[in-house]
1. Take segment B:55-78 and flag every residue that is surrounded by fewer than 21 Cβ atoms within 10 Å (Cβ to Cβ) and assigned to a helix (DSSP H, G or I).
2. Please find, within segment A:1-20, the residue that is farthest from B:L164 (Cα to Cα) out of those that are open to solvent by less than 40 Å² (accessible area, probe 1.4 Å) and modelled with pLDDT under 85.
3. Tell me which residues, restricted to segment B:191-215, are closer than 22 Å to B:M162 by Cβ and either open to solvent by less than 30 Å² (accessible area, probe 1.4 Å) or over 26 Å from the mean Cα position of the chain (by Cα) (or both).
4. What's the total number of residues in segment A:220-244 that are in contact with a Leu (Cβ under 9 Å, 6 or more places away or on another chain) and either closer than 14 Å to A:C199 by Cα or surrounded by 13 or more Cβ atoms within 10 Å (Cβ to Cβ) (or both)?
5. Which ones in segment A:248-268 are open to solvent by less than 70 Å² (accessible area, probe 1.4 Å) and farther than 21 Å from B:P110 by Cβ?
6. Could you check segment A:195-217 and list, in sequence order, the residues that are of a type in the set (S, T, Y) and in contact (Cβ under 8 Å) with a residue 40 or more places away in the chain?
7. Suppose we keep only residues that are more than 19 Å from B:Q192 (Cβ to Cβ) and hydrophobic (A, V, I, L, M, F, W, C) within segment B:132-164. Which one would you say is nearest to the chain's Cα centre (by Cα)?
8. So in segment A:1-13, with the set limited to residues that are over 22 Å from B:D267 (Cα atoms) and either part of a loop (DSSP other than H, G, I, E, B) or away from chain B (no Cβ under 13 Å) (or both), which one is nearest to the chain's Cα centre (by Cα)?
Protein chains: 2
Amino acid sequence: MKKEIIVYTISDSLGETSQKLLAAASAQYPDISFLNRYNFSFVTTEEELLEILKDALKDKALVVSTLVSKQLITAAKEFSERTGLLYLDLMAPFFELIQAKAGVDPIEEPGRRHQLDRAYFDKISAIEFAVKYDDGKNPQGFLDSDILLLGVSRTSKTPVSMYLANQGYRVSNLPLIPEVPLPPILEEMDPQKMIGLVCSPETLGQIRSSRLASLGLGNETSYTNVERIEQELAYAEEIFAKYGIPVIDVTAKSVEETAFLIKEKLDERN
Amino acid sequence: MKKEIIVYTISDSLGETSQKLLAAASAQYPDISFLNRYNFSFVTTEEELLEILKDALKDKALVVSTLVSKQLITAAKEFSERTGLLYLDLMAPFFELIQAKAGVDPIEEPGRRHQLDRAYFDKISAIEFAVKYDDGKNPQGFLDSDILLLGVSRTSKTPVSMYLANQGYRVSNLPLIPEVPLPPILEEMDPQKMIGLVCSPETLGQIRSSRLASLGLGNETSYTNVERIEQELAYAEEIFAKYGIPVIDVTAKSVEETAFLIKEKLDERN
């Protein structure tokens, strides 16, 4: 059985930073199960904080926090030094660096991460854009896109679009199907904004089979047939060559990696 | 003019954790502009790392890293102690805690955050689900949803759905419009899975006006008329009461906060 470590995360906001760090760091311990049993959000009083730390101590838990109030940071530090609680605050070292660098202290205002500012509304609008122009639904949207993704079925166009939208890019995508004519508006598109996605035929076949299975459908259709898939991919490569569209192979890549490579390609060109 | 601090982020993976921390921490310094001029991803050799640190020193930059290789962490630490570079690694303190707690060292395998495992594919599938069942497009999907969001136009149904999908929830949403009959399938829905979104009529009017403006349309339509909006909201409240649907007021809330409150409501019931 795997060793288990209970983790409490504490934040005076939502606690997303701690959870991101925890996900990244815990992947380095394949033999330990990290149980993020509690994520305490919006903790803003010392009383509340100390109650949580006492429970963590009883649970022999490890505590990761992102606190901005100096009073709370100090209280947590004193408590853990006194009791031996394993405690780590992610923000405090950053604040110390800034104090050293600029002689400025944080304003200690909790939860300022989600300011409803211009950048925030641009992101929301990018997400709505990506949903609206997913799957070639409305090719008129291509011209307003920062990025148009093209590829055959199951080359991760939708999740990659949503991931990029979440970073503020206006993304649309177009499925490539040999039997379906391309929307004429493609001729007007700036090729600098188009990216082609491909995948190995074998992997694509596997992904499509699990897709059908998850829909409760049988396995043996042309959709999962390797020859058919190769034909679709050859057609896609033809389109990419015709329009001078750079291609990214998504085989065994995560959505995050694919998105990273797309941004790199766009940067190269601008 | 605002004081500027140049920040380099360095990671042996994508660098998302550093950027999240930077966004959260820098919001605490309204009088400082943090310029994340470089985000160095996939840095895995000591040579490459030291080149970056030398540049950072020349730029008088602050460096935030998430490295998993002990060799790289040590090299960066030695370099900054020797040169006075302001440097912070976010992972190392976590690794020290785990060593203290469990006597286990990290496997030092970069970029393990994005494992293509079951949870990962579930998330991708949740994102595709949310896109497919956005905007009441296919009410059949309601029954397969973990969460069905209901609300009048511009109550942030789509971005909240996508945010929750990103955390693995299968979310659909239904716009409420007095003139459009409800899909009959609503009668079969588990009320435990439905959440109503409302917003103050004034805020909704403002949001809708900017929406129209962004679409290049005029301002004075019934869509932005406060009386009409109040009528829509009254209709929505009627539906929420009829089905016993709990309601969240999204006025001045970020998507993240709304999603947080939704998860809290679901937890209360389960």
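1. B:D55, B:L57, B:K58, B:K70, B:Q71, B:I73, B:T74, B:A75, B:K77, B:E78
2. Across segment A:1-20, the extreme among qualifying residues is A:D12.
3. B:M194, B:I195, B:G196, B:L197, B:V198, B:C199, B:L204, B:R208
4. So in segment A:220-244, the residues in contact with a Leu (Cβ under 9 Å, 6 or more places away or on another chain) come out as A:221, A:223-224, A:226, A:229, A:232-233, A:235-236, A:239-240, A:243.
Adding the requirement that they be either closer than 14 Å to A:C199 by Cα or surrounded by 13 or more Cβ atoms within 10 Å (Cβ to Cβ) (or both) leaves A:223-224, A:226, A:229, A:232-233, A:235-236, A:239-240, A:243.
Residues in segment A:220-244 being in contact with a Leu (Cβ under 9 Å, 6 or more places away or on another chain) and either closer than 14 Å to A:C199 by Cα or surrounded by 13 or more Cβ atoms within 10 Å (Cβ to Cβ) (or both): 11 in total.
5. Matches in segment A:248-268: A:K265, A:L266.
6. A:S200, A:T203
7. If we take residues in segment B:132-164 being more than 19 Å from B:Q192 (Cβ to Cβ) and hydrophobic (A, V, I, L, M, F, W, C), then B:M162 is nearest to the chain's Cα centre (by Cα).
8. A:K2
The values are calculated or read from the model by the stated rules, or taken from the named source; none is laboratory data. Quick caveat: nothing in here was measured; it's all calculated off a predicted structure. Here the Cβ is made from the backbone with ideal geometry for all residues, glycine too, and neighbour counts use every protein chain on show. In case anyone asks, the SASA skips ligands and DNA or RNA and just uses the protein heavy atoms, side chains included. Shrake-Rupley method; radii C 1.70, N 1.55, O 1.52, S 1.80 Å.
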